[in-house]
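Presented below is the structure to which this report refers.
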Amino acid sequence: MNIEYLYYFYKVATAGSISKVAKSAHISQSALSQQISKLEEVLGCKLLDRSNKGVELTDKGIIVLKYADNIIRTYDAMLAQLESSDEESRNIRIEACRSIATYSLPCVMYKVKDKFPKYNYELKPNESDLIEENVMNNICDIGVIYSKPKNQSLSYYKIGMDKIVLVSPGKYRISEEIDFNDLVKYPLILLNDKAHVIDPLTNKMREMGMRFENLRIIYNSDSVESIKTSILNEFGIGFLTYTSIKKELYYKQLKLINLKDFSIDYDMYLIYDKRVKENKILNEFVEYFKKIAQKNLC
């Protein structure tokens, strides 16, 4: 199978449009359609339903898309290593949970770049389960996640901790401490991050004889910045990671709301393949990362 077929399929599937991808790739729509048709021929199944409104994935297409990103990134990683004539200038690929990548690791990356200036670094946000999978499959070199890894084949090292906190606008009419039952009284903007917020919240409500549906949820979002903006505009209150709002707390744009008898605390772990010692450069990097991370999280 030509990897280019898979590459174009992935682009079209995520964009939902053949014309958009053809335009950005500077190829004709007919040539792009032929590439995808060839992939369908190789795999023996239809991947996309085409219409005037764009394209939609078939059931088989959903399965292929699930694996396409990792296959393409693995292929690119292989090419990068083949093209590198100087091992000292290798790429270090790091994946971390979105809040960690955005708010906690930038200061650490500054330190490691100062220590290893010849390395090139790629920091990508991702979900915990996918990070574990990508470390195992050598798609990324290390990961940073909340909680210990599920995969026992991975090594891990605690580098810090974070907590999910309830916040409101600085001048919002709400007490600095409320009973858990009172949470249903306020409009809420909620993170879609199921493992970090929704599960603990649902379990606590169940313990107290309440239902998740009782919450006055304005909308859900995967974006911390979207939720932060909504809260700053006084649309409601919300749960965010403490590291993501330290600046706003300092300038009193936001304030912490203590929710009685409820807290969500998470340890942050560096995860890496147990065979890391076989690679001298990567092992040296991991050991330095472990040494300085705790003191240099933003």
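The values are calculated or read from the model by the stated rules, or taken from the named source; none is laboratory data. Remember, it's a predicted structure, so these values are computed and weren't measured experimentally. Glycine gets a Cβ as well: all are built from the backbone with ideal geometry, and neighbour counts include every protein chain shown.
In the stretch 52-74, the residues that are in contact (Cβ under 8 Å) with a residue 12 or more places away in the chain and surrounded by 14 or more Cβ atoms within 10 Å (Cβ to Cβ) reach residues that are of a type in the set (Ser, Thr, Tyr) and outside any helix (DSSP H, G or I) with C-beta atoms within less than 7 angstrom, at least six apart or across chains, in these pairs: 54/17; 55/17. Just name the residue that is nearest to residue 63 (Cα to Cα) out of those in the stretch 31-45 that are of a type in the set (D, E, K, R) and surrounded by 13 or more Cβ atoms within 10 Å (Cβ to Cβ). Going through the qualifying residues, I end up with 40.
Taking the stretch 111-129, which residues are in contact (Cβ under 8 Å) with a residue 24 or more places away in the chain and either of a type in the set (Asp, Glu) or out of contact with any Cys (no Cβ under 8 Å at 6 or more places or on another chain) (or both)? If you could, list the steps in order and put the result at the bottom.
From the stretch 111-129, those in contact (Cβ under 8 Å) with a residue 24 or more places away in the chain are 111-112, 115-116, 118-128; that's our starting set.
Those that are in contact (Cβ under 8 Å) with a residue 24 or more places away in the chain and either of a type in the set (Asp, Glu) or out of contact with any Cys (no Cβ under 8 Å at 6 or more places or on another chain) (or both): 111, 112, 115, 116, 118, 119, 120, 121, 122, 123, 127.
Report yes if residue 180 is more than 24 Å from residue 101 (Cα to Cα), aromatic (Phe, Trp, Tyr) and touching a Phe, Trp or Tyr at 6+ places or on another chain (Cβ under 6 Å), otherwise no.
Values: more than 24 Å from residue 101 (Cα to Cα): yes; aromatic (Phe, Trp, Tyr): yes; touching a Phe, Trp or Tyr at 6+ places or on another chain (Cβ under 6 Å): yes.
Against the criterion (more than 24 Å from residue 101 (Cα to Cα), aromatic (Phe, Trp, Tyr) and touching a Phe, Trp or Tyr at 6+ places or on another chain (Cβ under 6 Å)), residue 180 qualifies.
Of the residues making up the stretch 151-169, those that are loosely packed, with under 15 Cβ neighbours inside 10 Å and more than 23 Å from residue 102 (Cα to Cα) are 151, 152, 153.
Condition check ((1) crowded, with 17+ Cβ neighbours inside 10 Å; (2) out of contact with any helix residue (DSSP H, G or I) (no Cβ under 8 Å at 6 or more places or on another chain)) across all residues:
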{"site": "243", "(1), (2)": "yes, no"}
{"site": "249", "(1), (2)": "no, yes"}
{"site": "256", "(1), (2)": "no, no"}
{"site": "265", "(1), (2)": "no, yes"}
{"site": "273", "(1), (2)": "yes, no"}
{"site": "289", "(1), (2)": "yes, no"}
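Any residue at all in the stretch 250-261 that's assigned by TED's automatic domain parsing to the domain that holds residue 152, of a type in the set (Asp, Glu), in contact with a Lys or Arg (Cβ under 7 Å, 6 or more places away or on another chain) and over 26 Å from residue 114 (Cα atoms)?
There is no residue in the stretch 250-261 that is assigned by TED's automatic domain parsing to the domain that holds residue 152, of a type in the set (Asp, Glu), in contact with a Lys or Arg (Cβ under 7 Å, 6 or more places away or on another chain) and over 26 Å from residue 114 (Cα atoms).
If we only count strands (runs of 3 or more DSSP E) wholly inside the stretch 185-298, which ones have 2 or more residues that are modelled with pLDDT under 90?
Numbers: elements: 187-191, 216-221, 237-241, 254-259, 264-273.
The qualifying strands (runs of 3 or more DSSP E) are 187-191, 216-221, 264-273.
Based on what the data block shows, is residue 182 acidic (Asp, Glu) and surrounded by 14 or more Cβ atoms within 10 Å (Cβ to Cβ)? Against the criterion (acidic (Asp, Glu) and surrounded by 14 or more Cβ atoms within 10 Å (Cβ to Cβ)), residue 182 qualifies.
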